[in-house]
Amino acid sequence: MFRGSIPAPMQSILAEHVGGWDCDDLYVGCSGNFTVERALHSLGHWRFHGNDVTLYTSAIGAYMAGKPLALALNPEYEADYGWLAPYLDEPADTLATALLASRLVEGLDKDNAYYDRWRAAYRDQWPALHAKTVERVQACPLRLASYAAEDVATWLERVPPAAGVICYPPFYAGDYTAMYAKLERLLLWDKPAYEELDDERSQALFARIADRRWWLFGSHLPLPEYAPYLRGMTKTTNRGLPIYVYARGGPTRITSPRQEIEPVTVARLAPGQTIGERMSLAVLTTGQFQALRSQYMN
């Protein structure tokens, strides 16, 4: 239902560290795709509390906390997207619309034949797509004790000292603003005020998180001042940025994704070789595609 998947390396580090925490509540700052909550909800007895500032995450989080988010179609897009309005009434319908619209908006404000067909295809298939997404929304087992659409820094001030805190903040200032800008133009909501997490604010956030009993956070940069607390390094993909995991205690791990590859036994274009006049398509298996991608795009 959510964008993105739960990387196995991150899941294993979380389970190993957080599994031993003696607390009843887990507060997850910058919930994003709810990767942390999904990885841990079946492993313990915790009550989860989420936080973020984007429409996408807030629509999911509010629904999972039993307080659905009110969304409305921007009148500016009534002509092209007015058919979405009837799907913004019931809680599950509204969330399903937000999830599907996060991909639909790829063609927002783009006027050409490709995106005209893109929008028409979504409109024609919408009832079936929406019904299937509603089923997945309602079947999702994850539930939250609370969710706050709020700046993570002010939200953290209210987290009880005895609770566990986990946070994977955005790696670059402006990431969230850019990622969901189109969705937040199409669908209107009560957007919270917040400050971008630049390097200075991120450092202050990490210091506040580390000033408690149970904590864990991730950064895309090694942090020398937290070197004694470095507990792991992982990547979500072979070509992804390293994620450094810091926590109060626990073992130290280095984990990496495992990629299945298959040999591609075809002739390769050599330097100076002339390309023929006829082009054809060859079907690759997933393993062959991953082998070529790792070889030429690493």
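In the chain, the calculated helix contribution to ellipticity at 222 nm averages -11000 deg cm²/dmol per residue, counting -39,500 (n - 2.57) for every DSSP H run with n ≥ 4. Report the one residue of Pro192, Cys23, Pro161 whose Cα lies farthest in the direction of the positive end of the charge dipole of the chain (charges on C-beta: Lys and Arg +1, Asp and Glu -1; origin at the Cα centre). Highest projection toward the positive end goes to Cys23. Per atom type, the chain shows carbon and sulfur on 53% of its accessible surface, probed at 1.4 Å. Taking all protein chains as they are arranged and a probe of 1.4 Å, the heavy atoms of Cys140 leave approximately 20 Å² accessible to solvent. This model, with +1 at the C-beta of Lys and Arg and -1 at the C-beta of Asp and Glu, gives the chain a dipole about its Cα centre of some 1080 debye. Per residue, the average separation of C-alpha pairs within less than 8 Å and at least 6 apart gives region 1-153 a relative contact order of 31 percent.
Protein-only accessible surface at a 1.4 angstrom probe places the residues Leu100, Leu188 in the order Leu188, Leu100, largest first. Remark: accessible surface ordering of Tyr115, Tyr296 (largest first) is Tyr296, Tyr115, probe radius 1.4 Å.
Can you tell me what the convex hull of the Cα atoms of region 54-184 projects to on average, as an area in nm²? Taking the Cα atoms of region 54-184, their convex hull projects to 9.6 nm² on average. For region 1-117, a simple Cβ point-charge model (Lys and Arg +1, Asp and Glu -1, everything else neutral) yields a dipole of about 320 debye relative to the Cα centre. The phi-based Karplus calculation (6.51 cos²θ - 1.76 cosθ + 1.60; θ = phi - 60°) puts the 3J(HN,Hα) values of region 258-274 at 9, 10, 7, 10, 10, x, 10, 8, 10, 5, 9, 6, 8, x, x, 6, 7 Hz, whole numbers, x for Gly and Pro.
Using C-alpha pairs below 8 Å separated by at least 6 residues, the relative contact order for region 150-298 is 19 percent.
Volume per residue of the convex hull around the Cα atoms, evaluated for region 146-261, comes out as 153 Å³.
Given a 1.4 Å probe and the protein chains as shown, Asp124 ends up with an accessible area of around 110 Å². Between Ala98, Gly82, Leu108, the Cα set farthest toward the positive side of the dipole of region 10-116 (charges on each charged residue's Cβ, about the Cα centre) is that of Ala98. Accessible area per residue for region 26-144, computed on protein heavy atoms with a 1.4 Å probe, is 45 Å².
The values are calculated or read from the model by the stated rules, or taken from the named source; none is laboratory data. This structure is a prediction, so every number in the text was calculated from the model and none was measured. Cβ: placed from backbone, ideal geometry, glycine included. Neighbour counts: every protein chain shown. Side chains are part of the model used for accessible areas, which takes the heavy atoms of the whole protein and leaves out ligands, DNA and RNA. Shrake-Rupley method; radii C 1.70, N 1.55, O 1.52, S 1.80 Å.
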